[in-house]
1. Taking the residues in the stretch C:48-82 that are in contact (Cβ under 8 Å) with a residue 60 or more places away in the chain and facing chain B (nearest Cβ under 7 Å) as candidates, determine which candidate is nearest to residue C:106 (Cα to Cα).
2. Taking residue A:122 as meeting all but one of (1) surrounded by 14 or more Cβ atoms within 10 Å (Cβ to Cβ); (2) in a helix (DSSP H, G or I), write down the number of the exception.
3. Testing residue B:269 on (1) closer than 30 Å to residue A:219 by Cβ; (2) out of contact with any Cys (no Cβ under 7 Å at 6 or more places or on another chain), one condition comes back false. Which one is that?
4. Name the single residue that is nearest to the other protein chains (Cβ to nearest Cβ) among those in the stretch A:94-117 being surrounded by fewer than 19 Cβ atoms within 10 Å (Cβ to Cβ) and of a type outside the set (A, V, I, L, M).
5. Only one residue in C:123, C:159, C:135 is more than 12 Å from every other protein chain (Cβ to nearest Cβ) and in contact with a Ser or Thr (Cβ under 7 Å, 6 or more places away or on another chain). Which one?
6. Return the residues of the stretch C:163-178 that are in contact (Cβ under 8 Å) with a residue 24 or more places away in the chain, of a type in the set (D, E, K, R) and either more than 10 Å from every other protein chain (Cβ to nearest Cβ) or out of contact with any strand residue (DSSP E or B) (no Cβ under 9 Å at 6 or more places or on another chain) (or both); say none if nothing qualifies.
7. Just one of B:271, B:277, B:227, B:222 is touching a helix residue (DSSP H, G or I) at 6+ places or on another chain (Cβ under 8 Å), away from chain C (no Cβ under 14 Å), within 30 Å of residue B:164 (Cβ to Cβ) and in contact (Cβ under 8 Å) with a residue 12 or more places away in the chain; which is it?
8. Can you pull out every residue in the stretch A:272-286 that is at the interface with chain B (Cβ under 7 Å from one of its Cβ atoms) and either at pLDDT 85 or above or part of a loop (DSSP other than H, G, I, E, B) (or both)?
Amino acid sequence: MVFLQSLLSGVLVGGTYALVGIGLTLIFGVMRVINFAHGDLLMIGMYLTFYLFTLSGIDPFLSIVIVIPLMFAFGAFLQRTFIHRVLNALPQNQILLTIGLGLIMSNTVMLVFTSDYKILSTSYSSGSVQLAGLSVSEPLLVSFVITAAITGALYWFLIKTDMGQAIRATAQDREAAQLMGVNVRRMGVIAFGLGAALAGTAGALISPTYYIFPQVGGAFTLKAFVVVVLGGMGSIIGATVGGVIIGAVESLSASYVSSGLKDLFVYVLFLLVLLLKPSGLLGKSRM
Amino acid sequence: MRLPLARGFALAPLLALGTGVVALVAFPLAVTNPYALHVMILLFLTVIQGESWNVLGGYTGQYSVGHAAYFGLGAYVTLMLLQFRQVPPWWGVWIAILLAVAVAIVIGSITFRLRGPYFVLASIAVAEIFRLIALNWTGFTNGAEGILLNEIPPLRIGGRTITDFVSKVPFYYAGLALAATTIAVNWGVQHSKLGYYFQAIREDQDAAHSLGISLPVYKNIALAISAFFTAWSGAFYGLYVGFIDPGTVLPVEVSVQFVLICIIGGIGTIAGPMVGALVLVPLSEALRANLLSDLLFKIGIVSEDTPTGAFLKDNLAHAHALIYGILVVLVILFMPDGVLGFAKKLFSGRRRQTPALPEVSSEKGSA
Amino acid sequence: MAGPILEIRNVSKFFGGLAANADVSFSMEEGMIMGLIGPNGAGKTTLFNCITGFYPPSRGDVLFRGQRINGLTPDRVCKLGMARTWQKVRPLAKMTVLDNVMVGALARTNSLSVAAELAMQQLRQVRMDHRADHLAGGLPIGERKRLEVARVLATQPQLLLLDEVMGGLNATESEEIIQLILDIKKRRITQMVIEHDMKAIMRISDRIVVLNSGEKLAEGLPGEIVSNKEVVTAYLGEAFE
């Protein structure tokens with residue numbers, strides 16, 4: 001029973017990780033840039049949600065309607081101003097640039113809102129529902145449903161729409177896509193915008209259940225890497241599966257070993273995957 | 001800051017070097033202000049960190065963003081031995097260094113199979129694992145409480161007390177000696193077979209491999225040298241500050257700082273980390289001492305009495321990480337070869353107008 | 001010590017289910033130049049990679065002076081006396097031309113001054129000594145190719161594998177390379193040469209091996225190869241009449 005219980009909550013949390021991971025993998029797929037500021041984008045989503053809630057009383061789950069376009073615009077801005085200038089630079093310089101951007105984001109937020117922990121408590125923050133004998137946290141369940149819906153919509157967008165296909169073509173072969181008339185620069189802007197929007201959405205969805213503070217992003221950046229490497233860099237389905245697996249591993253090791261060590265298990269798993277199957281569990285590496 | 005301009009005069013830079021060394025050795029005799037000594041010690045520490053990372057990241061091109069692991073290991077082992085086992089630090093530091101090198105070789109043998117961003121990610125994960133161990137193994141490391149050093153026993157040689165570590169002066173000289181050593185090591189690397197092999201690996205691993213260079217062997221040598229001095233700098237930091245916890249010696253920010261020192265100054269050069277330290281340390285000290293907001297008030301951009309002014313005064317002191325971030329972004333976008341490379345380019349551009357050979361990227365070169 | 005310097009026995013290399021090399025066998029005598037030809041995708045570079053340790057062959061053996069070397073890493077293979085160049089040149093871009101060649105020379109010595117001397121010798125041989133202080137990344141393609149040869153010669157190989165060192169060069173530059181290859185032959189260094197320029201390969205090779213779809217299609221003297229019907233229909237017909 002303990003096993004099923006923690007597996008279930010792990011999978012629910014994993015949905016959010018999947019969202020963060022999908023954004024990271026999308027950016028990587030289209031531009032071959034690893035975004036080390038990804039967790040900080042999530043953090044900004046959290047703060048947006050927090051202030052929308054405390055200042056105008058907008059429910060955190062509703063706030064994604066505002067968070068998504070704002071974060072998309074922010075991501076597009078980052079891409080146009082900074083990232084596109086280093087697309088042909090050494091990978092280490094790309095990494096350092098995004099690390100720098102992350103430092104700017106988290107420390108600006110710290111200056112403006114201080115480093116105090118903030119808690120967004122709603123009427124349902126600690127509510128739970130019974131599901132087949134298992135108790136499920138209400139905010140987790142709602143966020144999982146929203147995550148699933150957004151992931152589904154994203155799949156539809158990437159597979160069915162022209163723009164989605166152009167994005168996938170760019171991810172598959174940048175030069176070929178360019179030759180076929182795809183505006184790869186615009187695809188980069190869209191990919192970064194989408195990535196930021198997904199990270200921000202994840203931030204909004206977890207804000208009722210997490211402490212909100214400026215440095216929260218770092219842990220999520222690392223976790224997003226783990227998710228993405230686990231599923232295979234550049235693979236969106238891989239990131240989805242990877243997110244759920246990481247959520248489950250975390251939750252299980254927290255209930256069977258120690259909650260302080262759950263991240264340790266995640267990183268060890270990460271190293272093992274890197275070394276034993278660097279192309280990810282779902283195979284097919286492009287590097 | 002001395003740029004390698006006077007290549008023609010062998011004597012001039014040598015004289016300058018000599019004068020510099022004498023000045024640095026004499027500094028504590030002339031200046032007794034503890035804050036001035038403190039800033040100098042921070043400068044030395046930063047130079048040591050930068051030069052240590054430079055061996056692996058600068059010359060060999062292996063961008064470790066996990067050097068906090070070796071820094072933290074050096075600090076923790078030295079302080080734990082001293083505090084819990086009464087092992088004097090001048091013995092303990094060797095145990096710490098040997099342990100760090102051993103750990104480095106194990107980690108290196110595993111992670112050096114990975115290339116590019118995968119290696120970066122693995123190095124971060126390794127450092128995080130160390131941080132989590134230090135944080136959670138409370139009975140062994142004191143966990144989040146950290147280790148507060150009571151006192152360092154006086155150093156005696158042959159019954160004579162050399163120093164009792166009460167003032168900052170012994171730390172000044174220890175830092176100076178260690179900084180000089182790491183600089184010498186970088187010089188030695190650059191002027192030996194190792195340096196050639198490291199740089200060949202940085203430029204093209206497959207080509208290096210085909211020219212008879214064993215990649216795992218030479219990458220591990222670079223990492224071992226780097227970890228050796230990184231652990232030493234960690235021990236130095238712990239002994240000087242007298243307090244360590246997982247949040248100060250093992251977080252990702254520390255790893256980023258190692259990279260930053262080099263990237264700001266210029267990667268893969270001996271002077272780069274020194275320049276980086278000369279930029280970073282005064283900057284973060286100026287922020288801490290509120291010099292920057294005072295300057296803004298003096299120039300008259302912002303008035304001290306306005307709410308913005310009050311806000312700046314309260315907060316700019318904590319903004320050094322923000323400034324770091326801005327610096328990184330500016331350096332990567334506008335001077336990817338660091339301050340040193342940028343200055344060099346400016347200078348050589350002015351001195352001779354002869355066009356250089358056209359830069360052909362290696363991708364487009366072959367048919 | 002007679003016997004072949006290099007012997008390739010039934011070497012196969014599979015990627016997934018695809019055979020890039022299938023059951024290739026041939027051997028080389030000391031001092032000869034072996035031409036290795038075949039259409040694009042015939043498996044020539046894969047064979048180089050199998051010989052020099054970049055890929056372990058999936059099946060078969062590579063013997064260097066009678067010693068089995070498959071499974072050795074490229075650096076060990078180089079130390080044994082076999083060295084290769086790259087089809088896509090790989091200059092160590094941020095190092096000088098001299099430093100590039102010194103890296104090769106350091107395979108045989110630990111002394112920088114000895115290596116520098118050896119390197120300058122090699123640079124003179126390929127007539128690049130005037131470029132010694134230039135950064136390798138800034139060289140034009142013809143000089144990059146020559147730098148590649150100088151660097152690999154500095155490792156003092158007994159067997160040299162040249163992968164399209166004339167690719168992308170104009171007629172004059174190609175002629176220089178041909179002379180260089182013939183000079184190297186005079187120094188009793190055995191060579192295996194991949195080249196697309198048929199006239200050049202016929203001129204320099206003592207023997208020729210033709211690969212097609214990963215398999216050895218033919219082997220023989222240049223004269224035999226041009227008159228081999230199978231070869232002509234499979235490959236040469238279009239390029240060489």
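The values are calculated or read from the model by the stated rules, or taken from the named source; none is laboratory data. This one's a predicted model, so the numbers in the text were calculated from it and none came from an experiment. Using ideal geometry, Cβ is built from the backbone for each residue, glycine included, and neighbour counts are taken over all protein chains shown.
1. The first filter runs over the stretch C:48-82 and keeps only residues in contact (Cβ under 8 Å) with a residue 60 or more places away in the chain, leaving C:48, C:51-52, C:64-66, C:78, C:81-82.
Retained after the next criterion (residues that are facing chain B (nearest Cβ under 7 Å)): C:52, C:78.
Values: C:52: 19, C:78: 12 Å.
Out of the qualifying residues, it is C:78.
2. Unmet condition: (2).
3. Residue B:269 satisfies every listed condition except (1).
4. The residue in question is A:108.
5. On the way: C:123 fails: in contact with a Ser or Thr (Cβ under 7 Å, 6 or more places away or on another chain); C:135 fails: more than 12 Å from every other protein chain (Cβ to nearest Cβ).
Just a single option satisfies the conditions, and that option is C:159.
6. Within the stretch C:163-178, the subset in contact (Cβ under 8 Å) with a residue 24 or more places away in the chain is C:163-170, C:173-174, C:176-178.
Next, from what is left, pick out any that are of a type in the set (D, E, K, R): C:163-164, C:173, C:176.
Listed by number, the residues that qualify are C:163, C:173, C:176.
7. Numbers: B:271 fails: within 30 Å of residue B:164 (Cβ to Cβ); B:227 fails: within 30 Å of residue B:164 (Cβ to Cβ); B:222 fails: within 30 Å of residue B:164 (Cβ to Cβ).
Checking each option against the conditions leaves just B:277.
8. The first filter runs over the stretch A:272-286 and keeps only residues at the interface with chain B (Cβ under 7 Å from one of its Cβ atoms), leaving A:274-275, A:278.
Across the stretch A:272-286, the qualifying residue is only A:278.
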